[in-house]
Structures are given as structure tokens and as C-alpha cells.
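The values are calculated or read from the model by the stated rules, or taken from the named source; none is laboratory data. Just so we're clear, the structure is a prediction, and the values are computed from it rather than from any experiment. Cβ placement follows ideal geometry from the backbone for every residue including glycine, while neighbour counts extend to all protein chains displayed. Areas reflect the complete protein model, heavy atoms only, side chains present, ligands, DNA and RNA absent. Shrake-Rupley method; radii C 1.70, N 1.55, O 1.52, S 1.80 Å.
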Amino acid sequence: MSNLKNQAIGLLEELGVEKWMKNIQVIGDEIILDIVSHSPAMHERKRLEQALKAAFAEQLPQANLKLNILVETKEKLPEIKGNEIPGVKNIVAISSGKGGVGKSTVSANLAISLQKMGFKVGLLDADIYGPSMPTMFDVEGAQPHSVQVDGKSKMKPIESYGIKLLSIGFFAGTDQAVVWRGPMAAKALNQMIRDAHWGELDFLLIDLPPGTGDIHLSIVQQIPITGAVIVSTPQNIALADARKGVAMFKMEAINVPVLGIIENMAYFTPAELPENKYYIFGQNGAKNLSEKLDVPFLGEIPLVQSIREAADVGRPAALQDNTPVSNNYEKITQNMIVSLVERNDTLPPTEAVRITTMAGCSAVKK
């Protein structure tokens, strides 16, 4: 065995990854290394590649490393359909640990971006106590009508900008407060999910209320969510709650894959000084959190006056064509789709969850 090969194997042992090595060959000063990544996620493979290249460059600078990363995953589990919604391919929950981080605005613009890409999209406003989608989509005062589907009466969602919408805001007056206990709110939510004629959808986005309460448990109990997206602002007080949001979906009993974290209000850029960035709430907080929690970072959204103005007048900013704001939302949406495709290629459908006690949940067994 050549001295260079011995040195390479010794370095792998030092890094603690020698058991992942499938094959190693040395030809002159070239090291050809086949190594296994047990995670199918693209960002994990990239992290492994960067770590190995950096270590070899530092410890064996005379060698030319040719790295082949192989993927070995556990055999796919049998599909578990759970309580799926007929015709809906992917259900994505948009969540935040705390209020005021712009989650609903992000949800609306993700829906628009998906629709502009050619997908069929529905949006369920599950924020029972603070519904905002009727305003954001300029359909305040609209009321869903009843349609007959296979002999059953169903709610027909309101359509705006090509998005199918349902919200408790369609059934309560603009100035009417929704004062309901948890079970009543959960029942209303179940009706909007089960008694609606969503039709064929590529994506159903669910805009969840802030926190980790009754509505969240009701959602994971009733339908198998494909994945969750967490929205946070950069400051520590918001990140602490975002961490709890990720932890909720990662609970063994719930086990909903987290597709990634979006950093909203990442920085302020004045319209007259587009190159300037002012990090009002801190810098890279959500990005750093995503690395610590080992979930993808989907992107950052600046604090821009036009985003707020567009939401207030009922025309989401992502509807604009080829502007910095709409392009930004499009890029984040593309990153979410990449994460979703990886999730669907490597994991079985999420199970619906049965609530067993106040202390925990258990998966519904089919």
C-alpha cells in the first residue's frame, strides 16, 4: 500500500468517516475516493463534500482528490395514505413560532409564485382568530357557494388570481371577533378541509396561526401534511420561537418533514439606495438557525415598503413581473420545490396523527 494511500486512510479515520469509505485508489498524486452519504438531502451531501475537500487540502496538499459521493438510504417504507384530501398532491403547512413575522404575507406570495410557475394551487387560511387572506387577495365580503359533488353538498372555494381560497374570514364579518374555544375552532377548520371541493391541486398551502397550539394539532390529526415551512425574522426573540416550531414538527409522534426556513424582513433597502442593506433586526439569524437545526435555508426576504402596500390593497407583490421582489419570491419558491422533491423521493407520505393525551400524540395506524 502506497504511503499516500496510508495517509489518506489515516485522515479518514481521524475525521471519523473511514467506515463510510467504499473504495480508495491512488494513481500517482491522484486519490480517487468513493464514500457513502447516508443522507439523501442535497445540502448534506454538499456539506460532506466541502468538509472532505477542505481536510485533504490542508493535510495532504500534495494530493489531487477526486471525490465520488454515493447515496445509500434505507429501503422506502410502504406508503401510508392517512386521511388524504382527494385530488390534492402536496399539502404544505406555513408556520411561525410567533406572530408579527409576516407569515401570512409569505404564504400569499408563495401561493402566487407557485401559480405563476403553472401549478394548481389552493390556500387555506387556518388562522381562525386572525384571518387575513380575504384582504390580501382582495375578496373581502365574498362568500363560498355550495356545489353538488357526487351527490354531496360541498363548499366551493373563492378564486382570486388563480388561487383557490378558503378562510373563516369569509364566514365572519370584517368587524366580528371570532371568540371560540379550541374544539369549536377545530370543527370549523375540519369543515373547511373536508367539506370543500378543492378539485385537482398540485399544492394546498395551509397558513397556520402563530405558535404550537390546538389548531396545529388539529391539522396534523386530520390530514397527512407533506412538509412544513417555518417563517422567522432574524432577531433572537423570534428565532427562539421558530426553533420551537421546528421542534414541534420533528416530534417523533408528529414527524412532519421540515422543508426549510425562510427569513422574512431580513434587511431594509431604501428604494433610492438599492445597493444599501440595513440589518434592522439582526443579520443571518434564521440562516444560522437552519444550519444548527440541520434544515434547508430557503432564502431571505427584505423589508420592502411595496410588499406591505401590495398586501394591504389585495394584490400580493409576487404578482409583479420581473421585479426584485417577485424574483426573490420566485427563487424562494423554487428552493421550496427542490426541498419538497427530495422529500417525496426519499420518504413515504406523512401519516395522519391521533391525539391520545394532553402530553403527546400517536400516529394513526392503518
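When the criteria are applied in full, Ser290 meets the requirement of being modelled with pLDDT under 90, open to solvent by less than 10 Å² (accessible area, probe 1.4 Å) and either part of a helix (DSSP H, G or I) or out of contact with any helix residue (DSSP H, G or I) (no Cβ under 8 Å at 6 or more places or on another chain) (or both).
Hey, could you check the range 293-310 for residues that are at pLDDT 90 or above and among the acidic types (Asp, Glu) and say which is nearest to Thr105 (Cα to Cα)? If we take residues in the range 293-310 being at pLDDT 90 or above and among the acidic types (Asp, Glu), then Glu309 is nearest to Thr105 (Cα to Cα). Among the residues of the range 135-170 satisfying the criterion of being more than 30 Å from Arg308 (Cβ to Cβ) and in contact with a Pro (Cβ under 9 Å, 6 or more places away or on another chain), which is least open to solvent (accessible area, probe 1.4 Å)? Per the stated criteria, the residue is Met155.
Could you tell me whether any residue of the range 310-318 is in contact with a helix residue (DSSP H, G or I) (Cβ under 7 Å, 6 or more places away or on another chain), of a type outside the set (Phe, Trp, Tyr), in contact (Cβ under 8 Å) with a residue 60 or more places away in the chain and open to solvent by 30 Å² or more (accessible area, probe 1.4 Å)? No, every residue in the range 310-318 fails to be in contact with a helix residue (DSSP H, G or I) (Cβ under 7 Å, 6 or more places away or on another chain), of a type outside the set (Phe, Trp, Tyr), in contact (Cβ under 8 Å) with a residue 60 or more places away in the chain and open to solvent by 30 Å² or more (accessible area, probe 1.4 Å). Scanning the range 246-280 for residues that are part of a strand (DSSP E or B) and either more than 20 Å from Ile230 (Cα to Cα) or hydroxyl-bearing (Ser, Thr, Tyr) (or both) yields Tyr267, Phe268, Tyr278.
Across the range 318-347, the number of residues qualifying as within 18 Å of Ile262 (Cβ to Cβ), β-branched (Val, Ile, Thr) and over 16 Å from the mean Cα position of the chain (by Cα) comes to 1.
Have a look at Gly245, Gly260 and point out the one that is open to solvent by less than 10 Å² (accessible area, probe 1.4 Å), at pLDDT below 85 and within 23 Å of Gly282 (Cα to Cα). Exactly one of Gly245, Gly260 is open to solvent by less than 10 Å² (accessible area, probe 1.4 Å), at pLDDT below 85 and within 23 Å of Gly282 (Cα to Cα), namely Gly245.
Within the option set Thr346, Thr333, being under 21 Å from Gly227 (Cβ atoms), modelled with pLDDT of 80 or more and open to solvent by less than 30 Å² (accessible area, probe 1.4 Å) holds for one residue only, Thr333. Those strands (runs of 3 or more DSSP E) of the range 82-166 in which 2 or more residues are under 29 Å from Leu289 (Cβ atoms) and within 17 Å of the chain's Cα centre (by Cα) occupy 88-95, 121-125.
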